[in-house]
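Enquirer: Take a look at the following structure, please.
The values are calculated or read from the model by the stated rules, or taken from the named source; none is laboratory data. Because the structure is a prediction, the values reported are computed rather than measured. Heads up, the Cβs are rebuilt from the backbone with ideal geometry, glycines too, and the neighbour counts pull from every protein chain shown.
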Amino acid sequence: MKVLVTGATGNTGRHVVNGLRAHGVDVRALVRDLAKAPSGEVVQGDITDPAEAADGVDAVYLVWPFYSSEGIDKALKPFRGKKIVYVSSAAAEDGGFWSEVEETVAKVTDDWTFLRITGLATNTLGWIEQAKTGKVRAPYGQAKRSLVHEKDVADMAIKAFTEDHAKQIYLVTGPDALSQETQVKIIGQAMGKPVRWEEQPEQEAITQLGEEFAKSALPYWASLVDNPEPVSLDVPKVTGHPARSFEEWARERFS
Ligand SMILES: NC(=O)c1ccc[n+]([C@@H]2O[C@H](COP(=O)([O-])OP(=O)(O)OC[C@H]3O[C@@H](n4cnc5c(N)ncnc54)[C@H](OP(=O)(O)O)[C@@H]3O)[C@@H](O)[C@H]2O)c1
């Protein structure tokens, strides 16, 4: 089997490339910028027009890095009947573009696996410059998120490519749901210095995040104060190891 890994320079894709190769799977990495390419077979291109990159592959790790499903039909044409492992979102449950992409994938092939992520631990990297100053000022410190380590997403993908997980939807989360305030504290512990949370008023957050992003993000974070993100057992069930904790992720990044 030969797998085209898209998003190969990204958080999850880089581990998918390495993990598949370690399993003896033939990999071709799709990158936009050759200077950032991993070693091994690489093709330069764009996910919106992957015909050339897809030539001769049997499967694709699909990162669709847009907040819209526009263009997905064309992008998936070269993968008709092939195995598609799509990095989706828990938000697909509620419709919107995530579910439109899933539906299109399922029309193109029966051999699909959806990895629905609640949130990646790497999202918290946006706080790091502030954390270095000892304080993170952001909205909804009590929003509880089940952030997942990018290596667990990759491990799920590797299982999806090397075993039969066709037509499976997995909820891919960390092992617990931690408040954002706790996440910041853990980052501080990993950095070896106290870092505290400072609650940011909503209007200031809208100005900082931009209206468009804030419109969807703020109500979502607000909802997580009383209704934390779910914690799923799909990572341990599929990979055979416990999901990596946020502490482990932070230690790897900052110690
Ligand atoms: N962050 C979350 O909490 C979250 C939650 C649910 C779902 N997801 C989904 O998870 C997926 C994987 O995320 P990730 O963290 O592994 O990726 P990532 O680190 O965000 O990187 C995105 C990747 O896509 C590549 N890319 C961007 N535009 C491209 C284009 N037009 N053609 C080809 N490649 C392009 C980037 O390449 P360059 O290096 O050239 O920029 C990079 O390799 C994303 O699709 C995201 O939507 C994320």
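Conditions tested, residue by residue: (1) surrounded by fewer than 18 Cβ atoms within 10 Å (Cβ to Cβ); (2) of a type in the set (S, T, N, Q); (3) within 13 Å of the ligand (Cβ to nearest atom).
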| position | (1), (2), (3) |
| --- | --- |
| LYS2 | yes, no, no |
| GLY10 | no, no, yes |
| GLY13 | no, no, yes |
| LEU20 | no, no, no |
| GLY24 | yes, no, no |
| VAL27 | no, no, no |
| LEU30 | no, no, yes |
| ASP46 | yes, no, yes |
| ALA53 | no, no, yes |
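Enquirer: How about segment 117-236: which strands (runs of 3 or more DSSP E) wholly inside it have at least 1 residues that are of a type in the set (A, V, I, L, M) and surrounded by fewer than 21 Cβ atoms within 10 Å (Cβ to Cβ)?
Expert: On the way: elements: 135-138, 168-172, 196-199.
Hits in segment 117-236: 168-172.
Enquirer: Scan segment 67-83 and tell me whether some residue there is assigned to a strand (DSSP E or B), within 12 Å of the ligand (Cβ to nearest atom), under 19 Å from ASP155 (Cα atoms) and not hydroxyl-bearing (Ser, Thr, Tyr).
Expert: No: zero hits.
Enquirer: While we're looking at this one, here's another question. What number of residues within segment 84-108 satisfy the criterion of being within 18 Å of the chain's Cα centre (by Cα), aliphatic (A, V, I, L, M) and in a helix (DSSP H, G or I)?
Expert: Total satisfying the criteria: 5.
Enquirer: Cβ-Cβ under 8 Å, sequence separation 6+ or interchain: first residue in segment 40-57 and touching a residue at least 12 places away in the same chain (Cβ under 8 Å), partner loosely packed, with under 13 Cβ neighbours inside 10 Å and among the aliphatic types (A, V, I, L, M). Which pairs?
Expert: These pairs meet every condition: VAL42/LEU34; GLN44/LEU34.
Enquirer: Pick from segment 32-44 the residues that are among the small types (Gly, Ala, Ser) and surrounded by 12 or more Cβ atoms within 10 Å (Cβ to Cβ): which of them is farthest from GLY13 (Cα to Cα)? Talk me through it step by step, then tell me what you get.
Expert: Just the residues of segment 32-44 that are among the small types (Gly, Ala, Ser), to begin with: 35, 37, 39-40.
Subsequent filtering for residues that are surrounded by 12 or more Cβ atoms within 10 Å (Cβ to Cβ) retains 37, 40.
On the way: ALA37: 11, GLY40: 14 Å.
My answer is GLY40.
Enquirer: Going by the structure shown, is GLU103 away from the ligand (no atom under 15 Å from the Cβ), free of Cβ contacts under 8 Å to residues at least 40 places away in the same chain and out of contact with any Leu (no Cβ under 6 Å at 6 or more places or on another chain)?
Expert: Numbers: away from the ligand (no atom under 15 Å from the Cβ): yes; free of Cβ contacts under 8 Å to residues at least 40 places away in the same chain: yes; out of contact with any Leu (no Cβ under 6 Å at 6 or more places or on another chain): yes.
So GLU103 fits the description; yes.
Enquirer: Taking only segment 84-98 into account, find how many residues are within 11 Å of the ligand (Cβ to nearest atom), over 16 Å from TRP112 (Cβ atoms) and of a type in the set (Gly, Ala, Ser).
Expert: We begin by selecting, within segment 84-98, every residue within 11 Å of the ligand (Cβ to nearest atom); these are 86-92, 97-98.
Right, trim to over 16 Å from TRP112 (Cβ atoms) and you get 90-91, 97.
Next cut, of a type in the set (Gly, Ala, Ser) only: 90-91.
The total comes to 2.
Enquirer: Just wondering, is there one or more residues in segment 34-46 that are assigned to a loop (DSSP other than H, G, I, E, B), under 23 Å from LEU76 (Cα atoms), out of contact with any strand residue (DSSP E or B) (no Cβ under 8 Å at 6 or more places or on another chain) and at pLDDT 95 or above? Step through it out loud before you land on a result.
Expert: Initially, segment 34-46 is screened for residues assigned to a loop (DSSP other than H, G, I, E, B), giving 37-41, 45-46.
Retained after the next criterion (residues that are under 23 Å from LEU76 (Cα atoms)): 37, 41, 45-46.
Remaining after also requiring out of contact with any strand residue (DSSP E or B) (no Cβ under 8 Å at 6 or more places or on another chain): 46.
Then drop every residue that is not at pLDDT 95 or above, which leaves 46.
Yes - at least one qualifying residue is present in segment 34-46.
Enquirer: Starting from segment 155-166, take each residue that is at pLDDT 95 or above and list its partners that are of a type outside the set (A, V, I, L, M) and crowded, with 23+ Cβ neighbours inside 10 Å, counting only C-beta distances under 6 angstrom and pairs at least six apart or across chains.
Expert: If the second residue must be of a type outside the set (A, V, I, L, M) and crowded, with 23+ Cβ neighbours inside 10 Å, the pairs left are ALA157/TYR61; ALA160/THR113; HIS165/THR113.
Enquirer: In the list GLU247, GLU212, which residue meets the criterion of being free of Cβ contacts under 8 Å to residues at least 12 places away in the same chain, within 24 Å of GLU129 (Cβ to Cβ) and of a type outside the set (Val, Ile, Thr)?
Expert: The conditions single out GLU212.
Enquirer: While we're here: I need the full set of residues from segment 84-98 which are surrounded by fewer than 18 Cβ atoms within 10 Å (Cβ to Cβ) and closer than 17 Å to ILE72 by Cβ, in order please.
Expert: First pass over segment 84-98, keeping only residues surrounded by fewer than 18 Cβ atoms within 10 Å (Cβ to Cβ): 91, 93-97.
Answer for segment 84-98, where residues must be surrounded by fewer than 18 Cβ atoms within 10 Å (Cβ to Cβ) and closer than 17 Å to ILE72 by Cβ: ALA91, GLY95, GLY96, PHE97.
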